[in-house]
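What follows is a short report on a single structure.
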């Protein structure tokens, strides 16, 4: 009569978001102290999106090209953090959220493109992991 589901086995909690947030706090305070709060906010957005995209492709961490792509992305974002002048007349969420999402999509696309290019010639070892 009643359709009860058997309780599912509980998985351990993933604290990745908390870890990324805690790692970004010193970055925000350091850049705010050295430059300004707008650059600190930009750095947190950029580094947070890079960390999130890397976490989603974490199965590629054993490949040297993965870390090379992450390093290139970081190097390309450093001028962005210090050169972009954020508008002061708009609420922060209106310009940071779309830019953060766009940045995440670009980084994810770059990692997916690199994964497709690098794994195209060789068989994937991901099935064995």
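The values are calculated or read from the model by the stated rules, or taken from the named source; none is laboratory data. What you see is a predicted model; the values in this text were computed from it and never measured. Here the Cβ is made from the backbone with ideal geometry for all residues, glycine too, and neighbour counts use every protein chain on show.
The residue pairs whose first member lies in the stretch 47-68 and is outside any helix (DSSP H, G or I), whose second member is buried (at least 19 other Cβ atoms within 10 Å of the Cβ), and whose beta carbons are closer than 6 Å, counting only pairs six or more residues apart or on different chains, are 57/111. The numbered conditions (1) at pLDDT 90 or above; (2) surrounded by 10 or more Cβ atoms within 10 Å (Cβ to Cβ) are all true for residue 75 except (2). Restricting attention to the stretch 94-129, the residues that are modelled with pLDDT under 70 and either touching a strand residue (DSSP E or B) at 6+ places or on another chain (Cβ under 8 Å) or part of a helix (DSSP H, G or I) (or both) add up to 3. Condition (residue is out of contact with any helix residue (DSSP H, G or I) (no Cβ under 6 Å at 6 or more places or on another chain) and under 20 Å from residue 105 (Cα atoms)) applied to the stretch 28-35: is it met by at least one residue? Within the stretch 28-35, none of the residues are out of contact with any helix residue (DSSP H, G or I) (no Cβ under 6 Å at 6 or more places or on another chain) and under 20 Å from residue 105 (Cα atoms).
Among the candidates 78, 72, 84, which residue alone is in contact with a helix residue (DSSP H, G or I) (Cβ under 9 Å, 6 or more places away or on another chain) and over 24 Å from residue 22 (Cα atoms)? None of the other options fit; the residue is 84.
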